[in-house]
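Please read the structure below before turning to the comments.
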Amino acid sequence: MKLTLKIWRQKNAQAKGQMVTYPIDGIDGDMSFLEMMDVLNNELINKGEEPVVFDHDCREGICGSCSMFINGEAHGPDRLVTTCQLHMRKFKDGDTITIEPWRAAGFPVIKDLMVDRSSFDRIQHAGGFISINTSGNTQDANAIPIEKIDADAAFDAATCIGCGACVASCKNSSAMLFVSAKVSQFALLPQGQVEATDRVLNMVKQMDEEGFGNCTNTGACEVECPKGISLENIARMNREYLAASLKG
Amino acid sequence: MSGLLKSSIGRKVAMALSGLFLVVFLTQHFVINSTAVLAPELFNTWSHFMGTNGLVQFGLQPVLIFGVVFHFIMGFALELQNRKARPVKYASYKGGAAAPWTSRNMIISGLVILAFLGLHFYDFWIPEMIHKYVETHPEDPTRYYAETVHKFENPVRVGLYVLSFVLLALHLWHGFASSFQSVGFNNKFSVALSKFAKVWSVAIPVGFIIIAVYLHFNQIPH
Ligand code: HEM
Ligand code: SF4
Ligand code: FES
């Protein structure tokens, strides 16, 4: 395949940055999107140019680092996949592909396609944990019976990989889907009850302070989320938040 | 409780509750207006009641005005915050691939409704207030029907009303169902509730359109 890539290049956090066009040839449909980027970067290095910086780690859809906004959608046109799992057969010979970093006040660009997602870490630090000592004396998981429906819903929420595609896709750059997944995975389990009130209040407070937008319930996050995290989690977080506000 | 209206979720819940309150009001308004087509005498009776009852005039009316003003000011505040949350825009953004137009353009439909409310106040509310409280005419309980019918004589006004109701339907198509999610109501009843909300959000504005067009074509002598 022969493609035209339009990629956001930005030297550093302070630089202005712009879209740069790169023609590329010899791309196989079985390559992953990141492999295609590797081919481009090899060419750039051989020409003595700076390779395009992008985040990646596991390349199997579990770490959430491969943040790319491809042709107007987070992780590209495919559903329920990350960029590393996106195959080039989703594109046609002669296509022009626009590749941008996540755009959000809460995710400032570090360089090229790499953004700073430490805001998500700070939200997690604000309450995304339970105060149970797990070093050495862990209880058997089955010692506390939990209803299957709740266990499944908690597990579904826990599959969130913190990639930030929800923020990137939302017209408001809202982080509600991510935060609600992190609240829900505990809200449904007895272990999560101890800090339930503080957790939701503190995590939402941190989310607001990081400059993410509000939720308009457009549902774009749910559609673009590689893990299929459901909007039900946002409703659950809203309930938790209201209950916690009334309490304390 | 403190600071609830400063938080993103608190604001959204306030948006939903004020929106739901306006939905209830709109239903009531529609029921009364429908009598202008179905039973003009009943229209006079109810309008007279609404226009002269102390509880309605000095209890409910201020609450309604507060509700509307609160809703659109909060709407603007959220819109501004949301724009600030993405300082650099995408070169390519396929919003429509993941979310419907109505949900992404609440501020546009909202602004049209606000402009309509300006016209609507100029047409009905301000003349009513002057008639009753400034010029203090003696109350004639049979004046309402003829006054209302004459307002719809001008085809330009009828056109503006129809256009506004279409935008109102678009606003509610997303907004009504969305408000349940905002207050945390998302469960096995949600699919049915959302269907009801969608039917309602088309039926009521279409009903208002039918009334406006009907009155336009069924004028009575001045
Ligand atoms: C006066 C002009 C109006 C403006 C400027 C306005 C603006 C808005 C905006 C911007 C939103 C979306 C807020 C968000 O981002 O979540 C919204 C939501 C909503 N509006 Fe309005 N609106 C107006 C009038 C109305 C009227 C007359 C009704 C009902 C009859 C209404 C019902 C709703 C509902 C139910 C929602 C959904 C709330 C939610 O998603 O939780 N609005 N409005
Ligand atoms: S909710 Fe989905 S899109 Fe958002 S961070 Fe988690 S996995 Fe990524
Ligand atoms: S590189 Fe880990 S999810 Fe894509």
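The values are calculated or read from the model by the stated rules, or taken from the named source; none is laboratory data. What you see is a predicted model, and the numbers here were worked out from it, not measured in a lab. Backbone-built Cβ (ideal geometry, glycine too); neighbour counts: all protein chains shown. Note: areas computed on protein heavy atoms with side chains; ligands, DNA, RNA excluded. Shrake-Rupley method; radii C 1.70, N 1.55, O 1.52, S 1.80 Å.
As a ratio to 2.2 N^0.38 Å, the alpha-carbon radius of gyration for segment A:1-125 is 1.04. Counting GluC sites (Glu not before Pro) as exposed when in a DSSP loop with at most 13 other beta carbons within 10 Å, what is the longest stretch of chain B free of them? Result for the longest clean stretch: B:1-134. How are the alpha carbon pair distances in segment B:140-222 distributed across 10 Å bins from zero to the largest one, expressed in percent? Using 10 Å bins, I get a P(r) of 17, 34, 23, 17, 8, 0 for segment B:140-222. What value, in deg cm²/dmol to 500, does the helix sum -39500 (n - 2.57) over DSSP H runs of n ≥ 4 give at 222 nm once divided by the residues of chain B? When only DSSP H runs of four or more count, the value is -24000 deg cm²/dmol.
When you work out D = kT/(6 pi eta Rh) for chain A at 20 °C and 1.002 mPa s, using the Kirkwood radius from C-alpha pairs as Rh and the Stokes-Einstein form, the result is 110 µm²/s. Taken over segment A:163-248, the ratio of Cα radius of gyration to 2.2 N^0.38 Å equals 1.04. Put A:THR216, A:THR83, A:THR159 in order of accessible area, highest first, and with a 1.4 Å probe you get A:THR159, A:THR216, A:THR83.
Relative to one another, the C-alpha centroids of segment A:93-119 and segment B:65-108 are positioned 22 Å apart.
The equivalent ellipsoid of segment A:69-144 has semi-axes of 38, 20, 9 Å, largest first, where each one is the square root of 5 times an eigenvalue of the Cα gyration tensor. Label-to-label distance for A:ALA243 and B:LEU119 is 4.7 nm, based on points extended 7 Å past Cα in the beta-carbon direction. What the Cβ-Cβ distance of B:VAL69 and B:LYS132 gives, at R0 = 22 Å and to the nearest 0.05, is a FRET efficiency of 0.55. The count of lysine pairs in segment A:3-110 whose Cα atoms are under 24 Å apart, excluding pairs fewer than 8 places apart on the same chain, comes to 6. Counting 0.36 nm for each residue step from B:PHE49 to B:VAL199 and taking away their Cα separation leaves a gain of 51.0 nm. FRET efficiency for the pair A:CYS58 and A:LYS90, taken as 1/(1 + (r/R0)^6) with r the Cβ-Cβ distance and R0 = 22 Å, rounds to 0.65. Across the protein chains, with a 1.4 Å probe defining accessible surface, the residues B:HIS171, B:HIS222 rank B:HIS222, B:HIS171 from largest area downward. Here the contact order of chain B, divided by its residue count and restricted to Cα pairs under 8 Å and six or more residues apart, works out to 33 percent. Shape index of the protein assembly as shown: Rg/Rh, with Rg the Cα radius of gyration and Rh the Kirkwood radius from the inverse mean 1/r over Cα pairs, equals 1.07.
Taking Cβ atoms as reference points and 9 Å as the exclusive limit, the residues near A:PHE186 contribute a net charge of +1, counting Lys and Arg as +1 and Asp and Glu as -1.
Near A:ASN238, once Lys and Arg are set to +1 and Asp and Glu to -1 for all other residues with Cβ below 11 Å from its Cβ, the sum equals +1. Sites counted here are trypsin sites (Lys or Arg not before Pro) in a DSSP loop (not H, G, I, E or B) having no more than 14 other Cβ atoms within 10 Å; the longest part of chain B that contains none of them is B:90-187. Using every pair of separate Cα atoms, the Kirkwood estimate puts the hydrodynamic radius of chain B at 19.5 angstrom. Calculate, in whole percent, how much of the Cα-Cα pair population of segment B:40-94 lies beyond 12 Å. Every Cα pair in segment B:40-94 considered, those over 12 Å come to 76 percent. Among beta bridges identified by DSSP and lying wholly in segment A:3-110, the antiparallel ones come to about 75 percent.
Within the straight-line cut-off of under 13 Å between alpha carbons, the aspartates and glutamates reachable from A:LYS111 are A:GLU50, A:ASP55, A:GLU100, sequence neighbours fewer than 8 places apart in one chain being disregarded.
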